[in-house]
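The structure under discussion appears below in the form of structure tokens.
Please treat every number below as a calculation from the coordinates, not as lab data. These numbers were taken from a predicted model, which means no experiment stands behind them. As a convention, Cβ positions derive from the backbone with ideal geometry for all residues, glycine included, and neighbour counts pool all protein chains shown.
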Amino acid sequence: MELNVLNQTGAKAKNIDVSDKVFGVDFNEALVHQVVTAYLAGGRSGTRAQKNRSAVSGGGAKPWRQKGTGRARAGTIRSPIWRSGGVTFPSASQDFSQKVNKKMYRGALRSILSELVRKDRLVTIDSMDFPAPKTRVLAEKLKRLEMDDVLIVDAEVEDGLMLSARNIPHVDVCAVKDLNPVRLLSHEKVLITSAAAEKIQGWLGE
């Protein structure tokens, strides 16, 4: 299949040939849902924790004798019913990560990219060269392309492009190596360079 490539002014420049195995596969909703869920779960720290009665310091000695005081029997001052005692059902550190093998992950990316192409949400541009940071110039380019909420993907991201985009709302920049399903689905449009398209094809076309 072919992708239309735009130039810096937004006019059609040329077409590039891409593999149907990367940009023309059927959308697998179940696979995409599983991979996105696993990716988000892997980002959870799972570090919340509370102390139970055995983890709270102190309480080694019985506070008073078993009988004869008129008070309820007690074996430790760290009982959950005591002030400063342990928690009855404490939260514990938890690993939320889910196993997703490489074949499934790449399959989900191919499925997402293909669906973006079908819905005209993936736009290819010849290059995004920014030798120096110019936020105004980038904002004008995106306005000409009618893109308000966009992910810009390049083969390798230079500092000029990254710094130009960081103060524009709803605009994100990433290199091909940092591409993930959540980023692709988080924006209305995805703008990729020709070099990025070739690199994605080499990565996912294996």
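Brief remarks follow.
- Single residue of segment 118-147 satisfying the filter (surrounded by 14 or more Cβ atoms within 10 Å (Cβ to Cβ) and of a type in the set (D, E, K, R)) that is farthest from LYS14 (Cα to Cα): LYS134
- Of residues in segment 1-55 being aliphatic (A, V, I, L, M) and touching a Lys or Arg at 6+ places or on another chain (Cβ under 7 Å), the one farthest from ARG110 (Cα to Cα): LEU6
- Test for MET162: is it touching a residue at least 60 places away in the same chain (Cβ under 8 Å) and either in a helix (DSSP H, G or I) or under 17 Å from GLY10 (Cα atoms) (or both): no
- Out of ASP172, ASP129, one residue alone is more than 21 Å from LYS21 (Cα to Cα) and assigned to a loop (DSSP other than H, G, I, E, B). It is ASP129.
- Options VAL36, VAL87: the member that is among the aliphatic types (A, V, I, L, M), surrounded by 12 or more Cβ atoms within 10 Å (Cβ to Cβ) and closer than 30 Å to LEU179 by Cβ: VAL36
- Checking each residue in segment 175-194 for being in contact (Cβ under 8 Å) with a residue 40 or more places away in the chain, β-branched (Val, Ile, Thr) and in a helix (DSSP H, G or I) picks out only VAL182.
- Only residues that are among the aliphatic types (A, V, I, L, M), out of contact with any Phe, Trp or Tyr (no Cβ under 9 Å at 6 or more places or on another chain) and over 26 Å from GLY42 (Cα atoms) were counted in segment 134-164, giving 4.
- Some residue of segment 149-166 being closer than 14 Å to THR135 by Cβ, among the charged types (D, E, K, R) and more than 20 Å from the chain's Cα centre (by Cα): yes
One line per residue, one yes/no per condition, for (1) over 16 Å from ALA197 (Cβ atoms); (2) in contact with a helix residue (DSSP H, G or I) (Cβ under 8 Å, 6 or more places away or on another chain); (3) of a type in the set (S, T, N, Q):
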| residue | (1), (2), (3) |
| --- | --- |
| SER97 | yes, yes, yes |
| LYS102 | yes, no, no |
| ARG110 | no, yes, no |
| VAL123 | no, no, no |
| LYS134 | yes, yes, no |
| LEU142 | yes, no, no |
| GLU146 | yes, no, no |
| ILE168 | yes, yes, no |
| CYS174 | no, yes, no |
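- The requirement of being assigned to a loop (DSSP other than H, G, I, E, B), surrounded by fewer than 15 Cβ atoms within 10 Å (Cβ to Cβ), without any contact (Cβ under 8 Å) to a residue 60 or more places away in the chain and among the aliphatic types (A, V, I, L, M) is not satisfied by ALA30.
- Conditions (1) more than 17 Å from MET128 (Cα to Cα); (2) aliphatic (A, V, I, L, M); (3) out of contact with any Gly (no Cβ under 9 Å at 6 or more places or on another chain): number failed by VAL22: (3)
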